[in-house]
Amino acid sequence: MRLLDALNARRELRRALANIAWLSGESILRLVVGLFLGIWIARFLGPNAFGQYSYAMALVALFGVFSRLGVDEILVREIVRSHAARHELIGSAFAMKLAGGLAAFAAAVSCTVILRPAEPTVLALVAIIAAGLVAQSIDVIDLWFQSQLQSRRSVVARNIAFLTTSLLKVGFIFAGAAVAAFAFAGLLELLLAGAGLVAAYRLSGETLSAWRASWSRARFLLAPSLPLIFAGLAVSLYMRIDQVMISAMLGDAAVGRYSAAIRLTEAAYFIPTVICSSSLPGIVSLRASNPGQFRARMQWLFDVMVVLALAIALLLSLFAGQIVQFVYGGAYVSAAPVLAVHAWSTVFVFLGVASGAWLLAENLTSVSFYRTALGAVANIGLNLWLIPAFGVVGAAWATLLSMAIATF
């Protein structure tokens, strides 16, 4: 019996490691190509147009939580626990996400009309980007593949869409296209990725026609997700509200420089997400079957997060001036102090993702709401104080301090 348990554990470990490898490979591809292309787009558009684009992305992100509804991790967990009910679980989650995406689209567009009236460019950007929230409802297929440790299928579909639209963006740069063209390319990527996920799902032997939406199942998924919805809203607030507030106080060019700096830091945020998404099924199983090994796995996860985050923060902070000058050029030189401060947010982001996995495994998702709500309130208050006093560097300090509050 012990030998069989050991063999099964080793088999699951190999599957988890393979899953991590596929997700890591995708993230590295997106990091390299996306970062290079994002830098090229920022240099091409200039601080003002890039600021408008970043503002639209930030505003839509504030409402994105209502399209996700906090059910991603819950759905993965429940499919692992109740494989036979997978079609009803996935169908219910899809219906919820579709309704949430439509509501988020309407809210984002309405908010833009109120905050930025008579600015057709900004309204068009928000409308195009927000349409992606509706398209992303099909991502429930990716959550199914995650639960089965078969992320390679999702990775192939998403990478084909990503590389195709990346080439399109390069064409837009050479053609001297307007900023709205790049927003359209982002929407097209989501549509192509969705089509690829559907094809991969059918090739795996599953069919969309088997999905069944159930109100009782939707309520079952939504109940433990409610704290995560509010926690996600709080996270969106202290991750993106700074760009909205900078636009209101300092203008779009300031948003462009600030966004350019923080994108260099945020390029590393995929690391904890990849590690935790692939570790979550095993962590959930260990919580019930082997509490001692569960605690050891969680300790290892926290240790890895701290070491990686400190290495990244030191590199970005110490060489912020040289990095910004080399990457973005003279038009963005004032973004260097922002990067030097914002780089340390990686420590709290990495720890926050790891502790989120622990809270989910322990069924303490309500704690996520309380801690991130406190961080969001702190961030808004700090931005109101620090942006007028210190400009975009003040916004970086506000984000860093609010992340520390939310994490600890």
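The values are calculated or read from the model by the stated rules, or taken from the named source; none is laboratory data. Keep in mind that this is a model prediction, so the values were computed, not measured. Ideal geometry is used to build each Cβ from the backbone, glycine not excepted, and the neighbour counts take in all protein chains shown. These area figures cover heavy atoms from the full protein model, side chains too; ligands, DNA and RNA do not enter into them. Shrake-Rupley method; radii C 1.70, N 1.55, O 1.52, S 1.80 Å.
Heavy atoms of the protein chains alone define the surface here; on that basis the chain has 43 Å² accessible area per residue at 1.4 Å probe size.
Here the Gaussian network model covers the chain, with springs between Cα atoms less than 10 Å apart; of 313, 357, 331, 331 fluctuates the most.
With the contact rule set at Cα under 8 Å and sequence spacing of 6 or more, what percent relative contact order holds for the chain? Averaging sequence separation for qualifying contacts and normalising by length gives 22 percent for the chain. Surface composition of the range 134-260: carbon and sulfur make up 67 percent of the accessible area, probe 1.4 Å.
I need the shape label for the range 83-158. Rule: rounded when a/c is under 1.5, else prolate if a/b > b/c, else oblate, with a, b, c from the alpha carbon gyration tensor. Here the range 83-158 falls in the oblate category.
Counted as membrane-span-like here are DSSP H helices of the chain whose alpha-carbon atoms extend 30 Å or more along the helix's own axis and whose Kyte-Doolittle mean is 0.0 or above; these are 2-68, 86-115, 151-175, 179-203, 215-250, 291-318, 365-390. Each peptide among 58-65, 203-210, 265-272 gets the average number of other Cβ atoms lying within 10 Å of its residues, and from highest to lowest they stand as 58-65, 265-272, 203-210.
Of the residues 250, 397, 198, the one whose Cα sits farthest toward the positive end of the charge dipole of the chain, with +1 on the Cβ of Lys and Arg and -1 on the Cβ of Asp and Glu, is 198. Of interest is the spacing of the C-alpha centroids, which for the range 175-230 and the range 315-355 amounts to 31 Å.
Measuring nothing but protein heavy atoms, the accessible surface of the range 277-408 at 1.4 Å probe radius is 74 percent carbon and sulfur.
For the chain, a Gaussian network of Cα nodes joined below 10 Å ranks 312, 39, 114 by mean-square fluctuation, and the top entry is 114. Per residue, the chain reaches -30500 deg cm²/dmol at 222 nm when only DSSP H runs of four or more residues are counted, each adding -39500 (n - 2.57).
Could you check the simple spin-label distance between residue 318 and residue 293, using points 7 Å along Cα→Cβ, in nm with one decimal? Once both label points are built, they end up 3.9 nm from each other. Against the set (i) 1.03; (ii) 0.96; (iii) 1.14, the structure's computed Rg/Rh (Cα atoms, Kirkwood Rh) falls on (ii).
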